[in-house]
Amino acid sequence: MRDIEDLIKNNKKYNDVVVQQQLKSKKNIVAYVTINNKPRVLKWFVPGLKKQMKNEYNIINKGSSKLNIPIIHEIDEKNNVLIMNYIIGENLCDIINNKKVTISEKQRLTILLAQWFFDFHNYFKIKEEFLIHGDPTLRNFIFTDRIWGFDFEETRVGKPVEDISGMCASILTTEPMFNNEKFHLCKKFIEEYLNLAPGRINDINTEISYSLLQKIQWRPNDEEILRKFSKLIRKKGIKGF
Ligand SMILES: Nc1ncnc2c1ncn2[C@@H]1O[C@H](COP(=O)(O)OP(=O)(O)O)[C@@H](O)[C@H]1O
Ligand SMILES: [Mg+2]
């Protein structure tokens, strides 16, 4: 297992880094650190993901003055490391799945999330071509007084509906899965995106249905329920719930 302490010990340039907390991540090692007492996030990419690191670096660099995304302080191509500012807030996945948070607060946040995607899609649009986030899961978003987005390794040319349906799949499949509240939040999320960008997304039900099937590869134990809801959503649409 890679350990962030190895990176720090073996590289003089990281002598001043103090690890405060490791952050939940899918692939890479991501930690909240302090560097000369300043709060930072250190993202140490898996070896072999240099292309993804550069992709993330380019997106953040282009977007950070206009979008709610972090700022990069340093890129270390030798060790595959990005250093960013640390956004202190609450992970959106934890808020949306917290029983104690009211439905109206969750609804307000999903509406802000739709606005985040709208801003992101607009900002990187060239003629009729869009860049999409590419890994739209709740864990990749944090709420402070606004929504912040992270993790741009998979950002690529694509259709905005892929982000919107992928986010719906994330909302529906994080515990508690597929309950009424989750369907309600998805409807609000889609509705808000469509209010902002009428006609920009088509065939949302087919896309959500497909996004749910894509999750099977990461969650083989949930195959049955994912297939079941994929089929139901394709048949009666998200509005049918
Ligand atoms: N600059 C940051 N400030 C605060 N939290 C962050 C920052 N960057 C990432 N995170 C948190 O750490 C998690 C893991 O980072 P991420 O870039 O998604 O790594 P991975 O690609 O391995 O999933 C994110 O989901 C986000 O919640
Ligand atoms: Mg991530």
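The values are calculated or read from the model by the stated rules, or taken from the named source; none is laboratory data. Small disclaimer: the values here were computed from a predicted structure and weren't measured. Note: ideal-geometry Cβ built from the backbone for every residue, glycine included; neighbour counts use all protein chains shown.
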Restricting the search to the range 189-238, which residues are more than 21 Å from E129 (Cα to Cα), part of a loop (DSSP other than H, G, I, E, B) and over 22 Å from the mean Cα position of the chain (by Cα)?
G237
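So which helices (runs of 4 or more DSSP H) stay within the range 4-99 end to end and still have 2 or more residues that are surrounded by 13 or more Cβ atoms within 10 Å (Cβ to Cβ) and either within 12 Å of ligand 1 (Cβ to nearest atom) or hydroxyl-bearing (S, T, Y) (or both)?
The helices (runs of 4 or more DSSP H) meeting that bar are 50-63, 92-96.
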Hey, among the residues in the range 93-136 that are aliphatic (A, V, I, L, M) and out of contact with any helix residue (DSSP H, G or I) (no Cβ under 7 Å at 6 or more places or on another chain), which one's farthest from G149 (Cα to Cα)?
I126
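Could you list all residues from the range 144-175 that are within 18 Å of K188 (Cα to Cα) and either within 12 Å of ligand 1 (Cβ to nearest atom) or among the aliphatic types (A, V, I, L, M) (or both)? Write out each step before concluding.
At the first step, the residues of the range 144-175 found to be within 18 Å of K188 (Cα to Cα) are 146-147, 160-174.
Selection gives I147, V161, I164, M167, A169, S170, I171, L172.
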V19 is checked against (1) within 14 Å of ligand 2 (Cβ to nearest atom); (2) over 20 Å from the mean Cα position of the chain (by Cα) and fails just one. What number does that condition carry?
(1)
Quick one: how many residues across the range 201-241 are surrounded by 17 or more Cβ atoms within 10 Å (Cβ to Cβ) and not aliphatic (A, V, I, L, M)?
9
I need the strands (runs of 3 or more DSSP E) fully contained in the range 102-170, keeping only those with at least 2 residues that are buried (at least 21 other Cβ atoms within 10 Å of the Cβ) and assigned by TED's automatic domain parsing to the domain that holds F189.
130-132, 141-143, 147-149
Enumerate the pairs (first residue in the range 137-161 and in contact (Cβ under 8 Å) with a residue 12 or more places away in the chain and within 16 Å of S211 (Cα to Cα); second residue anywhere and near ligand 1 (Cβ under 8 Å from one of its atoms) and in a loop (DSSP other than H, G, I, E, B)) with beta-carbon separation below 9 Å, excluding pairs fewer than 6 apart on the same chain, so at least 6 apart or on different chains.
T137/K26; T137/D151; E154/D135
Could you look through the range 171-182, keep only residues that are in contact (Cβ under 8 Å) with a residue 24 or more places away in the chain and in a helix (DSSP H, G or I), and pick out the one that is surrounded by the fewest Cβ atoms within 10 Å (Cβ to Cβ)?
N180
